[in-house]
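See below for the structure under consideration.
Laboratory data are not the source of any read-out in this text; all were calculated from the coordinates shown. Model, not experiment: these values are computed from the prediction. Cβ placement follows ideal geometry from the backbone for every residue including glycine, while neighbour counts extend to all protein chains displayed.
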Amino acid sequence: MTAKKQAVTAADIAAQAQLQEEIEVQKAFETGVTTLRDLISPSSIEIHSSYFRLGTKYGRTLYVYGYPRSIYTGWLSPIINIDEVIDISMYIYPVDTTVIMKNLGKKVTQLEANMSINSEKGKIRDPELEAAIMDAEELRDKLQVGAEKFFRFGLYVTIYADSLDELQFVQHKIETIFGQQMVFSKVASSQQEQGMNSTMPQCTDQLQIRRNMNTGAISTSFPFTSADLTQEKGILYGVNMHNNGLVIFDRFSLENANMVVFAKSGAGKSFTVKLEALRSMMIGTEILIIDPENEYQKLSDAVGGSYIRLSLNSDVRINPFDLPKVVDSEDAEDALRANLVTLHGLFRLMLGGTQLGANGQPITMLTANEEADLDQALIDTYARAGVTSDPLTHNSTPPTIINLYDTLLHMGGSGPQLAQRLRKYTTGTFAGIFSQQSNVDINNQMVVFNIRDLEDELRPVAMYIVLSHVWNIVRAQQKKRMLIVDEAWQLMKYEDSANFLFSLAKRARKYFLGLTTITQDVEDFMSSKMGRAIVANSSMQLLLKQSSSAVDVLSDVFKLTEEERKRLANFPVGQGLFFAGQNHVHIQIIASETEESLITTNPGDSRK
């Protein structure tokens, strides 16, 4: 009886355990087990001959099967940056050079045989055949010396849409972009599943549709063509038209903070520079502007800036003999010598200038003897005012042009003749403005020097003197500043003023200064050796809409692609190419309504 009871108990326990297991299985089945795969997987997959469907999304894979004979760098950029949902996969297979050399040898022999047969039969020459032989021979030479490698290249694009009609529309956009560049693509008919797998991130090339390419050709397909110029700090310059990102940049983070702006009249260059100045002020940067056309007064008044109007009738005075109140001992010792060099350039400009001839060579208006006499007169003039190379004497009241005139008049050699040529700046028509002690106070976050009311002959002289005055202040107290020189071509006409502007561009970084050079006369600016040097010493460049003649000049200097060349002449107002260091993007300059009301000088055109 006891044994029977134990057997029944064991059977009950086993049955109960089995029942419990079945209940748990049933519960798990009803509840469902959610894994990462369940979360990311589509609800269903449908494969059709010309498209596939993932859940509610439609997709279609295309492959590239044909390329032109030559293709430019960045040709894939319009596809990568297109405003559609797409997947792009590239498969690159290295090929043994010895195998390719053997095949190329056979191919060249075959092509030459065909050309020889055609010649014997009296057929006209076949340019396509000759080009093929030339390309094959050139490739053989480069492969032989290791300058090129050979690859098999597969390029697949999978597009997505919410409906078949939209899918067809996106496909047409992709094929149009490809077709404009003579790149031919097809839908992977009856291979949509293989195409979908080939463009998924699992590195399986199931389509296996490839073309032969050498290193140079395959490098043009480099996919990372969308430059991102967004930094954690800086100011907003505009919208990156490649990917709709924001271009937020700090120009002082580059190797130098200089910038050049090239644009034709009305393209938006002044608007852009004023917008940058306004936003830079918000983060503590001081702004200094040379304004030849009275374009910055409204902005200066709005932010409480100092607007200094230079004219023969104004009370403003700037003495070019002022010395900087420098703290650095090295700079203090060189202050007088540096100012003497600056004054040499100024007086060459005032006494006739050193102009650039038609062949680009300088035409000097002062002889060697006159140069020597002028140099001695400058040294003597400072000495009579008690200023020597000793930094302790630099706080003395500096001399003026009137003192120099008097020194020249009473010295031997060519001094009296130079004094007569200088007289119009001391007691003549242009007397006063630059022949008295300075009374300019630029202790403000924005200072604008307006030179519009000066005579044309005086403008380059005024720009030179203002630049020199600003440079002295920059050297005396170092802080983050921007110096904006509008219509800089007026300085580039003269060798001395061009050299001085280049000197500023080269040395600005040491004093935490960012020089912005603006011009619309691109050909004149870039034809100057100093103009090209200023561009080379500017880590930022902005190219807005250009005239057809300027496009050729700029494309040569900035190594623009064919697509960028075409765009440069057809940009709408406020759009351009923005270069920062090694990156450049297509940018749209944007401003808020409040900023626009402060910046624009023409109510009918907010970008002029």
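What the table below lists for this structure:
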item	result
Distance between modelled label sites at R317 and R279, nm, 7 Å Cα→Cβ extension	4.2 nm
Per-residue ³J(HN,Hα) for the stretch 125-134, Karplus 6.51 cos²θ - 1.76 cosθ + 1.60, θ = phi - 60°, Hz, x for Gly and Pro	4, 10, x, 5, 5, 5, 5, 5, 5, 5
Within the stretch 391-415, backbone nitrogen closer than 20 Å to the virtual label 7 Å beyond the Cα of N369 toward Cβ	407-415
Amide hydrogen neighbours beyond the local backbone of R317, cut-off 5 Å, H modeled	N439, V440
Cα centroid separation, the stretch 158-194 to the stretch 100-131 (Å)	36 Å
Relative packing of peptides 512-520, 234-242, 465-473, 378-386 - highest average C-beta neighbours within 10 Å first	512-520, 465-473, 234-242, 378-386
Modelled FRET efficiency - R0 22 Å, T176 with E563, Cβ distances, 0.05 increments	0.90
Read-out Rg and Dmax of the Cα atoms in Å, derived from the coordinates shown; its label in (i) 36.1, 148; (ii) 24.4, 85; (iii) 23.4, 74	(i)
Length gained when the stretch T393-N212 is fully extended (0.36 nm per residue, less Cα-Cα span)	57.6 nm
Under the Karplus curve 6.51 cos²θ - 1.76 cosθ + 1.60, θ = phi - 60°, whole-Hz ³J(HN,Hα) for the stretch 100-117, x wherever Gly or Pro sits	5, 4, 5, 5, 5, x, 5, 5, 4, 4, 5, 5, 5, 4, 4, 5, 5, 4
³J(HN,Hα), Karplus 6.51/-1.76/1.60, whole Hz, each residue of the stretch 375-380, x for Gly, Pro	4, 5, 5, 5, 5, 5
Residues whose placed amide H lies under 5 Å from that of V247, excluding near-sequence neighbours	Y237, G238, V239, N240
Efficiency of FRET from Cβ geometry, A15 and N244, R₀ 51 Å, rounded to 0.05	0.15
DSSP-defined antiparallel bridges as percent of all bridges, the chain, nearest 5	65 percent
Ordering of 257-266, 18-27 by packing [mean C-beta count within 10 Å, highest first]	257-266, 18-27
For peptides 268-275, 548-555, sequence by mean Cβ density within 10 Å, most packed first	268-275, 548-555
Separation of the T97 and D453 label points, Cα + 7 Å toward Cβ, nm	7.3 nm
Calculated [θ] (222 nm, deg cm²/dmol) that DSSP helices of n ≥ 4 give over the chain, each run adding -39,500 (n - 2.57)	-13500 deg cm²/dmol
Within the stretch 489-595, GluC sites (Glu not before Pro) in DSSP loop having at most 15 other beta-carbon neighbours inside 10 Å	none
